[in-house]
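S.K.: Provided herewith is a single structure, encoded as structure tokens, for subsequent inquiry.
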Amino acid sequence: MRQRLIVPGAVAAVLALTVPASAAEAGPSPGAPGAGDSYYPDYGNGGYNVSHYDLRLKYQPKTDELSGTATVLAKATQDLSRFNLDFALGVKQVHVDGRTAKVSTSGSHELEVTPAEPLSKGEKFSVVVRYSGIPSEVEVDGYTSWQRTPDGAVAANEPESAWWWYPSNDHPSDKATFDISIAVPEGYKSISNGDLVSEEPATGGWTRSNWRSGQPQATYLATMAVGKFDVTRSRTESGTPVINAYSRKLGDEDGAARASVERTAEITGWLEGVFGEYPFSSIGGYVPASGAHFALETQTRPFYGNERFKDGTDVSVVVHELAHQWYGDSVSVRKWRDIWLNEGFASYASWLWSEKEGEGTAQEIASEVYESYPANDSFWKVAPGDPGPENQFHAAVYDRGAMALQALRNKTGDKDFFRILKGWPAEREGGNARVGDFVKYAEKVSGKSLSSLFDTWLYKTSKPKKPALGGDVNAAERKQPKSWEEIQAVHGAHRH
Ligand SMILES: [Zn+2]
């Protein structure tokens, strides 16, 4: 489905030698159409970094028409004759620094923008894109991530979501702040990321809501939803405002959805004890009637597919998505191959919640999951540390990824393990990281060599021998905390 660009080592070396000389001769040149991610070579773009997106949108649920203006503030990282944005809707007009720019399209989702004058390396510039379209009718590689619902629509998917509703440098390595303003007809509400700054009447009976994300956010973590939502508000113990929303079109699952997502404030407070201070200025979650079964850690306001709650409450998924606010959102992957830094930790957080609730320790769950996959199961063929784009969201990234953390816990002991879990999000707050960066950090905190442990759990394509999990071997010598409260009390001292 996706085209992969493979440059053999020898050819890559020749290119590396020749590019600087020819670029110097040629003057300003086009920015690359991709961000250099080996999993998705044409995702994101080269030649600039975005600092802020301002999206002023209008959405009509009856027709699925989305229209608006995106203002993108960026800085050139090379002399640019032209640059790309990732976008799939119809563009009416583009201005760069206030002057009309030439626009053309290429590939499935590339918008090529040629400013009236070239941009110099280091120069800050603004791009204004006016656009409109019907996102549900726009297919990229044969599908659309845009979810229609009985009462509106939702933009939430990974890794492809942005290009159905706003133009961007669509790669998690280029994070930015966001202002998202959405106008909807009377009777409807919009939901997005961050703080609800204001809601104001617009002409013709429409209402405009203004949402702000003041901390860096990856493009795929931006979300918008329009529907007939019932909104609840509260605060966490430490004072963070909570905004949750539930579609009024939910069926029998309405109670289970609310009984799960209304735990958001409590769970966020508990996670602060494990991962450190909550990194953003608001939190919440929303459940549209989209018919989806998946959930997504859209920043500060996770998306929960309503199918998730058809069989009853699912608090585990709320723990998982909230854990991502530290592991995935505040600290984001550098490249998509680093996905274990998101999913291994969010999965492990659910195991810790089970341990805290007295429903099975993380060790017991790790052992059960380990036993459940025979050595010849294809599960063990996927390396969570570099699963490949086709297996980026394979169960192994989640379950074996979490087993890797249980093995680490058994190797370092609880004290150092929880120092690592809490220290990493503070050390890397708002930034990006690679798997290798985490391994180095864990070695620094624990003072232990961990390369063999992580090689076994993240990179080997065979089932590790049982002692590698470590629980039975080390249980006797570990000083077990008496209770979950003790873990939090002891390690609270290490918050920074
Ligand atoms: Zn996840």
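S.K.: Against the condition at pLDDT 95 or above, closer than 15 Å to Thr456 by Cβ, more than 16 Å from the ligand (Cβ to nearest atom) and not in a helix (DSSP H, G or I), how does Ala366 come out, does it pass?
M.R.: Numbers: at pLDDT 95 or above: yes; closer than 15 Å to Thr456 by Cβ: yes; more than 16 Å from the ligand (Cβ to nearest atom): yes; not in a helix (DSSP H, G or I): no.
Judged against the criteria, Ala366 is not a match.
S.K.: Part of a helix (DSSP H, G or I) and either within 26 Å of Ser161 (Cα to Cα) or at pLDDT 95 or above (or both) - does that describe any residue in the range 295-306? Give the steps one after another, and end with the answer.
M.R.: Of all residues in the range 295-306, those part of a helix (DSSP H, G or I) come to 306.
Still in the list and also either within 26 Å of Ser161 (Cα to Cα) or at pLDDT 95 or above (or both): 306.
Within the range 295-306, one or more residues are part of a helix (DSSP H, G or I) and either within 26 Å of Ser161 (Cα to Cα) or at pLDDT 95 or above (or both).
S.K.: Take Ala257 and tell me if it is of a type in the set (A, V, I, L, M, F, W, C), buried (at least 21 other Cβ atoms within 10 Å of the Cβ), at pLDDT 95 or above and closer than 16 Å to Glu321 by Cα. Give the steps one after another, and end with the answer.
M.R.: Working: of a type in the set (A, V, I, L, M, F, W, C): yes; buried (at least 21 other Cβ atoms within 10 Å of the Cβ): yes; at pLDDT 95 or above: yes; closer than 16 Å to Glu321 by Cα: yes.
So Ala257 fits the description; yes.
S.K.: Name the pairs whose Cβ atoms lie under 9 Å apart, with the first residue in the range 160-181 and within 20 Å of Glu429 (Cα to Cα), the second among the aromatic types (Phe, Trp, Tyr) and in a strand (DSSP E or B), and 6 or more positions between them or separate chains?
M.R.: So the pair list comes out as Asp174/Tyr48; Ala176/Tyr53; Thr177/Tyr53; Phe178/Tyr53; Phe178/Trp211.
S.K.: If you don't mind, another one. Quick one: in the range 281-309, which of the residues that are closer than 14 Å to Leu250 by Cβ and of a type in the set (A, V, I, L, M) is farthest from the ligand (Cβ to nearest atom)?
M.R.: In this case the residue turns out to be Ala289.
S.K.: What's the number of the condition Phe393 fails, among (1) surrounded by fewer than 19 Cβ atoms within 10 Å (Cβ to Cβ); (2) under 26 Å from the mean Cα position of the chain (by Cα); (3) more than 16 Å from the ligand (Cβ to nearest atom); (4) not in a helix (DSSP H, G or I)?
M.R.: (3) is the only condition that Phe393 fails.
S.K.: Tally the residues that are within 13 Å of the ligand (Cβ to nearest atom) and either β-branched (Val, Ile, Thr) or touching a strand residue (DSSP E or B) at 6+ places or on another chain (Cβ under 7 Å) (or both), restricting the search to the range 346-363. First the steps, then the outcome.
M.R.: To start, the set of residues in the range 346-363 that are within 13 Å of the ligand (Cβ to nearest atom) comprises 346-350.
Then keep just the ones that are either β-branched (Val, Ile, Thr) or touching a strand residue (DSSP E or B) at 6+ places or on another chain (Cβ under 7 Å) (or both); that gives 346.
Residues in the range 346-363 being within 13 Å of the ligand (Cβ to nearest atom) and either β-branched (Val, Ile, Thr) or touching a strand residue (DSSP E or B) at 6+ places or on another chain (Cβ under 7 Å) (or both): 1 in total.
S.K.: Taking into account only those residues within the range 121-140 that are in a loop (DSSP other than H, G, I, E, B) and modelled with pLDDT of 95 or more, which is surrounded by the fewest Cβ atoms within 10 Å (Cβ to Cβ)? If you could, list the steps in order and put the result at the bottom.
M.R.: From the range 121-140, those in a loop (DSSP other than H, G, I, E, B) are 121-123, 134, 138-139; that's our starting set.
Remaining after also requiring modelled with pLDDT of 95 or more: 121-123, 134, 138.
Numbers: Lys121: 13, Gly122: 10, Glu123: 15, Ile134: 15, Val138: 18.
The extreme case among them is Gly122.
S.K.: Scan (1) within 14 Å of the ligand (Cβ to nearest atom); (2) in a helix (DSSP H, G or I) for the single condition Arg337 breaks and write down its number.
M.R.: With (1) within 14 Å of the ligand (Cβ to nearest atom); (2) in a helix (DSSP H, G or I) applied to Arg337, the lone miss is (1).
S.K.: Looking at Glu321, Glu343, can you tell me which residue is more than 26 Å from Asp195 (Cβ to Cβ), surrounded by 24 or more Cβ atoms within 10 Å (Cβ to Cβ) and within 16 Å of the ligand (Cβ to nearest atom)? Working first, answer last.
M.R.: Details: Glu321 fails: more than 26 Å from Asp195 (Cβ to Cβ).
Result of the check over Glu321, Glu343: Glu343.
S.K.: What number goes with the only condition from (1) of a type outside the set (Val, Ile, Thr); (2) under 23 Å from the mean Cα position of the chain (by Cα); (3) not in a strand (DSSP E or B) that Ala70 does not pass?
M.R.: Evaluating Ala70 over (1) of a type outside the set (Val, Ile, Thr); (2) under 23 Å from the mean Cα position of the chain (by Cα); (3) not in a strand (DSSP E or B) leaves (3) as the failure.
S.K.: Given the residues Phe275, Phe303, Phe294, which is the only one that is under 19 Å from the mean Cα position of the chain (by Cα), surrounded by fewer than 24 Cβ atoms within 10 Å (Cβ to Cβ) and closer than 18 Å to His320 by Cα?
M.R.: Numbers: Phe275 fails: surrounded by fewer than 24 Cβ atoms within 10 Å (Cβ to Cβ); Phe303 fails: surrounded by fewer than 24 Cβ atoms within 10 Å (Cβ to Cβ).
Selected residue: Phe294, the only one of Phe275, Phe303, Phe294 that is under 19 Å from the mean Cα position of the chain (by Cα), surrounded by fewer than 24 Cβ atoms within 10 Å (Cβ to Cβ) and closer than 18 Å to His320 by Cα.
S.K.: Right, something else. Considering only the range 369-389, state which residues are assigned to a helix (DSSP H, G or I) and without any contact (Cβ under 8 Å) to a residue 12 or more places away in the chain. Explain how you work it out, then say what you get.
M.R.: Pass one, the range 369-389, residues assigned to a helix (DSSP H, G or I): 369-372, 378-381, 389.
Within the range 369-389, Glu371, Ser372, Ser378 qualify.
S.K.: Using beta carbons and a limit of 7 Å, which pairs, at least six apart or on different chains, have the first residue in the range 325-348 and within 17 Å of Tyr441 (Cα to Cα) and the second one part of a strand (DSSP E or B) and within 11 Å of the ligand (Cβ to nearest atom)?
M.R.: Pairs found: Leu341/Tyr327; Asn342/Tyr327; Phe345/Tyr327.
S.K.: If you don't mind, another one. Using the structure shown, decide if Pro425 is of a type outside the set (S, T, N, Q), within 17 Å of Val331 (Cα to Cα) and within 16 Å of the ligand (Cβ to nearest atom). Lay out the reasoning, then the answer.
M.R.: Values: of a type outside the set (S, T, N, Q): yes; within 17 Å of Val331 (Cα to Cα): yes; within 16 Å of the ligand (Cβ to nearest atom): yes.
Spelling it out, Pro425 is indeed of a type outside the set (S, T, N, Q), within 17 Å of Val331 (Cα to Cα) and within 16 Å of the ligand (Cβ to nearest atom).
Residues checked against (1) surrounded by fewer than 18 Cβ atoms within 10 Å (Cβ to Cβ); (2) more than 23 Å from Gly31 (Cα to Cα):
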| position | (1), (2) |
| --- | --- |
| Leu119 | no, no |
| Gly142 | yes, yes |
| Pro150 | yes, yes |
| Val184 | no, yes |
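S.K.: Additional query: (1) within 16 Å of the ligand (Cβ to nearest atom); (2) in contact with a strand residue (DSSP E or B) (Cβ under 7 Å, 6 or more places away or on another chain); (3) not in a helix (DSSP H, G or I); (4) not aliphatic (A, V, I, L, M): which one isn't true of Gly430, the others all being true?
M.R.: Every listed condition holds for Gly430 apart from (1).
S.K.: Output the residues belonging to the range 232-264 that are of a type in the set (Lys, Arg) and in contact with a Lys or Arg (Cβ under 6 Å, 6 or more places away or on another chain).
M.R.: If we filter the range 232-264 for residues that are of a type in the set (Lys, Arg), which is where we start, we get 233, 235, 248-249, 258, 263.
Passing the criteria: only Arg248.
S.K.: Please specify each residue of the range 247-262 satisfying the condition of being in contact with a Ser or Thr (Cβ under 8 Å, 6 or more places away or on another chain) and farther than 18 Å from Val319 by Cα.
M.R.: Ser247, Lys249 - these are the residues of the range 247-262 that are in contact with a Ser or Thr (Cβ under 8 Å, 6 or more places away or on another chain) and farther than 18 Å from Val319 by Cα.
S.K.: Filter the range 451-469 down to the residues that are surrounded by fewer than 20 Cβ atoms within 10 Å (Cβ to Cβ) and within 19 Å of Ile420 (Cα to Cα) and list them by number.
M.R.: Ser451, Ser452, Asp455 - these are the residues of the range 451-469 that are surrounded by fewer than 20 Cβ atoms within 10 Å (Cβ to Cβ) and within 19 Å of Ile420 (Cα to Cα).
The values are calculated or read from the model by the stated rules, or taken from the named source; none is laboratory data. Given the structure is predicted, the values throughout are model-derived calculations rather than measurements. Glycine also receives a Cβ, built like all others from the backbone with ideal geometry; neighbour counts cover every protein chain displayed.
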